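Q: This structure is in structure tokens; I'll ask about it shortly.
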Amino acid sequence: MSMRSHYCGLVTEALLGQEVKLCGWVNRRRDHGGVIFVDLRDREGQAQIVCDPDRPEMFAVAEILRNEFCIQITGKVRARPEGTVNTGIKSGGIEILCHSITVLNASVTPPFQLDDENLSETTRLTHRVLDLRRPAMQKNLMLRYKVAMAARKYLDEQGFIDIETPMLTKSTPEGARDYLVPSRVHDGYFFALPQSPQLFKQLLMVAGYDRYYQITKCFRDEDLRADRQPEFTQIDIETSFLTEEEIRAMFEGMIRHVFKVTMDVDLGDYPTMTYADAMHQFGSDKPDLRVKMQFTELTDVMGDVDFKVFSAPAQMKGGRVVALRVPGGAVIARSEIDNYTDFVKIYGAKGLAWIKVNDLAAGREGLQSPIVKNIHDAALKAILERSGAQNGDILFFGADKAKVVNDAIGALRVKIGHSEFGKKSGLFEAKWAPLWVVDFPTFEYDEDAQRWTAVHHPFTSPKDGHEDYMATDPSRCIAKAYDMVLNGWELGGGSVRIHRAEVQKKVFDALKITPEDAQMKFGFLLDALQYGAPPHGGIAFGLDRLVTLMTGAESIRDVIAFPKTQRAQCLLTQAPNVVDEKQLRELHIKLRNPAGATAAA
């Protein structure tokens, strides 16, 4: 005989008069002068249980119930009295007159109330099992499941097959640090956990599995922040015989499908923007299009001004000077400008120049700023005309190496747009704002290493006709690479891959990877590409990021069942942990600095 007939949160007026059997956890018990009310909770929601004293045996059990007791009840569904209906939940129009209660398991006093809104993340992650019982977390993980299922169904309908790739693989240190796994059998040798299935999915294309996908774990040993985890989940996809445009259309369709099925949201238009335009207008390759501000380019008119803060970067190779016009921003207090100045310094800016536009008709006298006196008339005119400045605006300036300007003023644009001022002033539009960013550079120059590096990875195909730039001028080489952006977050990225050996050799030459190094690191792929490798390309979406955006969570830790902290620790299991000497000997490992040795010294 079944332990339950329905989920608590799914009992509605359709079951009036029927007997139901429910199982769940006591969310709250209330004694109202002889009648005991129990809010019973499971993954689908809550139901109100009414315990009358006319059933003494049942009532005696109800009196001992406490929060988080796991119980089973039977009872009859009836309508709630007039005026007590809770329209906020599915079961809010009914209550269940209890006939019997069985305590399946008692609970000790929980370390926190599940409806406490002010829990620290440390408390939540330490007691993650209880944290996962909270309705908000259950809603997040249920949505994650639905998103994964919607993606699987879409890909299945498009002819994709799910193929697993290895978790123990070869270390090819090109990007983030690998997580290494020592081999017990092969003394001194190591496996690596995959940063992505990139090489294996390309091998599958050579093997003829022209439509592959996998929802899989990836691992990167890097410093963490709100949207990073040492282990994360990708919807990983690769196809053969599709063009760049066909790949983008197919997976735009997938994300549209996921949003429609799981949230009944139509994402609307998907504009396409080149990487160069994104950086020029927003200083970011993942611009948040909900923020209605963009850069004004001023580098070409600032080279001869007396203000060295502007003229030096304007004359510098790789320097940039921009303005960010904030409509209505002249009301921003000086204290807030100081806060913004401190903010941009996080991104390497040395300060934040500004001009308040009080009265354009009054010329210089109508501009409020300590820098105006050092800018000649022609430059000042260019600033005001190019930016479209109006009375009541403020202009913020970035002047430095292009990367510093892009990072600092790009972040400032988003910060102001998302602020209370930005929202009240109409500088932020609450909507879903998807975007394709395309035509990324193939290479970027590493000043420290004094060499070119791959922007995505060394298997990204250059645009047709750009192959020769790899030898003559790598900075001009554009890749068949594309990122899907949503609300300022990179949802996914991919590219068309190189499938011809002569093109791959040119990339390795540009990256100063010798044939010997290439064979040592990627020989298994290069060898496979010789056997009639098809044209192929793909994309990978961050499942954690996607669900975080959909739920509005503050961190991807809120959509992962058992995440790590920003120090890559699991507070629930206390991992990583010390292992005993016997295990280390079996792995032929001797620690230079055993855990606790420093503290002991």
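Q: Let a ≥ b ≥ c be the square roots of the eigenvalues of the Cα gyration tensor of region 31-132; is it rounded (a/c under 1.5), or, if not, prolate (a/b larger than b/c) or oblate? Walk me through the intermediate numbers first.
A: Numbers: a/c = 2.29, a/b = 1.46, b/c = 1.57.
Note, shape of region 31-132 comes out oblate.
Q: Stretch Asp115-Asn67 to full length: gain in nm at 0.36 nm per residue minus the Cα-Cα span?
A: 16.1 nm
Q: Now for a different question. Within region 9-162, what whole-number % of the accessible surface is contributed by carbon and sulfur, with the 1.4 Å probe and all protein chains included in the calculation? Numbers along the way, then the final one.
A: Details: 4020 of 7940 Å².
It is 51 percent, rounded to a whole number.
Q: Sticking with this structure for a sec: Answer rounded, prolate or oblate for region 199-320, using the Cα gyration tensor with square roots of eigenvalues a ≥ b ≥ c: rounded when a/c is under 1.5, else prolate when a/b is larger than b/c, else oblate. Each step should come with its number before you reach the end.
A: Numbers: a/c = 2.24, a/b = 1.95, b/c = 1.15.
Prolate, because a/c is 1.5 or more and a/b exceeds b/c.
Q: Hey, with R₀ at 41 Å, roughly what FRET efficiency would Glu420 and Ala176 work out to, going by the Cβ-Cβ distance, to 0.05? Spell out each step's value before the answer.
A: Values: r = 36 Å, r/R0 = 0.88.
According to the calculation, E is roughly 0.70.
Q: I've got another one for you. Taking the Cβ-Cβ separation of Glu245 and Lys317 as r and a Förster radius of 30 Å, what is the calculated FRET efficiency to the nearest 0.05?
A: Working: r = 35 Å, r/R0 = 1.18.
Efficiency at R0 = 30 Å is approximately 0.25.
Q: Quick check: pseudo-label points 7 Å beyond the Cα along Cα→Cβ at Asp342 and Asp473, how many nm apart are they?
A: If labels sit at Asp342 and Asp473, their model points lie 4.5 nm apart.
Q: Still on this structure, please answer the following. Using the heavy atoms of the protein chains alone and a 1.4 angstrom probe, what is the accessible area of the chain per residue in square angstrom? It would help to have the intermediate numbers written out before the result.
A: Details: 30050 Å² over 601 residues.
Value returned for the chain: 50 Å² of accessible area per residue.
Q: At a 10 angstrom cut-off on C-beta neighbours, averaged per residue, how do the peptides 587-595, 50-58, 400-408 rank from highest to lowest? All intermediate terms of the calculation are to be shown ahead of the outcome.
A: Values: 587-595: 10.8, 50-58: 14.4, 400-408: 20.9.
The packing order, highest mean first, is 400-408, 50-58, 587-595.
Q: Okay, moving on. So how much slack lies between Arg585 and Ile89, counting 0.36 nm per residue of separation and subtracting their Cα-Cα distance, in nm? Spell out each step's value before the answer.
A: Details: separation 496, 0.36 × 496 = 178.56 nm, distance 5.76 nm.
Gain on stretching Arg585 to Ile89: 172.8 nm.
Q: Across 10 Å bins from the origin, how do the percents of Cα pairs in the chain run, short distances first?
A: Distribution as computed: 3, 13, 19, 20, 19, 14, 8, 3, 1, 0 percent.
Q: Sticking with this structure for a sec: Please give the FRET efficiency for Asp448 paired with Ala106, using the beta carbon to beta carbon distance and R0 = 60 Å, rounded to the nearest 0.05. If you can, show how the numbers build up before the last one.
A: On the way: r = 61 Å, r/R0 = 1.01.
For R0 = 60 Å, the calculated efficiency reads 0.50.
Q: Turning to a different aspect of this structure: Among rounded, prolate and oblate, which fits region 313-370 when a ≥ b ≥ c are the square roots of the eigenvalues of its C-alpha gyration tensor, a/c under 1.5 means rounded, and a/b larger than b/c means prolate?
A: Working: a/c = 2.61, a/b = 1.35, b/c = 1.93.
Because a/c hits 1.5 or more and a/b fails to exceed b/c, region 313-370 counts as oblate.
Q: If you plug each phi of region 199-206 into the Karplus form 6.51 cos²θ - 1.76 cosθ + 1.60 with θ = phi - 60°, what whole-Hz ³J(HN,Hα) values come out, in order, with x for Gly and Pro?
A: 5, 5, 6, 5, 4, 5, 5, 4
Q: Tell me, what ³J(HN,Hα) does each residue in region 62-77 have, in order and in whole Hz, if you take phi through Karplus 6.51 cos²θ - 1.76 cosθ + 1.60 with θ = phi - 60° and put x for Gly and Pro?
A: Karplus values, whole Hz, x for Gly and Pro: 4, 5, 9, 5, 9, 3, 6, 4, 9, 9, 10, 10, 10, x, 9, 7.
Q: Work out from phi, with θ = phi - 60° and the Karplus expression 6.51 cos²θ - 1.76 cosθ + 1.60, the ³J(HN,Hα) of each residue of region 402-412, listed in order in whole Hz, and give x for Gly and Pro.
A: Rounded to whole hertz, the list is 4, 4, 5, 4, 4, 5, 6, 6, x, 5, 5.
Q: Could you tell me the relative contact order of region 1-64? Use alpha-carbon pairs under 8 Å, at least six residues apart, and round to a whole percent.
A: Normalised by residue count, the contact order of region 1-64 is 28 percent.
Q: Could you please state how large a percent of the accessible area of region 440-487 is carbon and sulfur, counting protein chains only and using a 1.4 Å probe? Walk me through the numbers on the way to the answer.
A: Working: 910 of 2190 Å².
Within region 440-487, the accessible surface is 42 percent carbon and sulfur.
Q: Across region 103-195, how large is the tail of the calculated P(r) beyond 17 Å, expressed as a percent of all Cα pairs?
A: Values: 3094 of 4278 pairs.
Distances greater than 17 Å cover 72 percent of the Cα pairs.
Q: Once amide H atoms are built 1.01 Å from N in the peptide plane, which residues 5 or more positions from Phe191, or in another chain, come under 5 Å H to H?
A: For Phe191, the qualifying residues are Val181, Ser183.
Q: For helix 135-157, report the angle its Cα long axis makes with the longest principal axis of the Cα atoms of the chain; keep it between 0 and 90° and round to the nearest 10°.
A: Computed tilt is about 60 degrees.
Q: Eigenvalues of the Cα gyration tensor times 5, then square-rooted: what semi-axes does that give for region 374-413, in whole angstrom, largest first?
A: Details: eigenvalues 90, 39, 11 Å².
Equivalent ellipsoid of region 374-413: 21, 14, 8 Å, largest first.
Q: Once the Cα atoms of region 151-271 are picked out, what are the Rg and Dmax in Å?
A: Reported Rg and Dmax, both Å: 17.1, 56.
Q: Could you list which residues have their amide H under 5 Å from that of Leu435, counting only those 5 or more apart in sequence or on another chain, with H placed in the peptide plane?
A: The answer is Val485.
Q: Considering amide H positions built from the backbone, and no H for Pro or chain starts, which residues 5 or more places from Tyr7, or on another chain, come under 5 Å of its amide H?
A: Those qualifying (amide H under 5 Å, at least 5 residues apart or on another chain) number zero.
The values are calculated or read from the model by the stated rules, or taken from the named source; none is laboratory data. In this text, all values refer to a predicted model and were calculated from it rather than measured experimentally. In this analysis, Cβ positions are derived from the backbone assuming ideal geometry, glycine residues included, and neighbour counts consider all displayed protein chains. Surface accessibility is based on the protein's heavy atoms, side chains included, excluding ligands, DNA and RNA. Shrake-Rupley method; radii C 1.70, N 1.55, O 1.52, S 1.80 Å.
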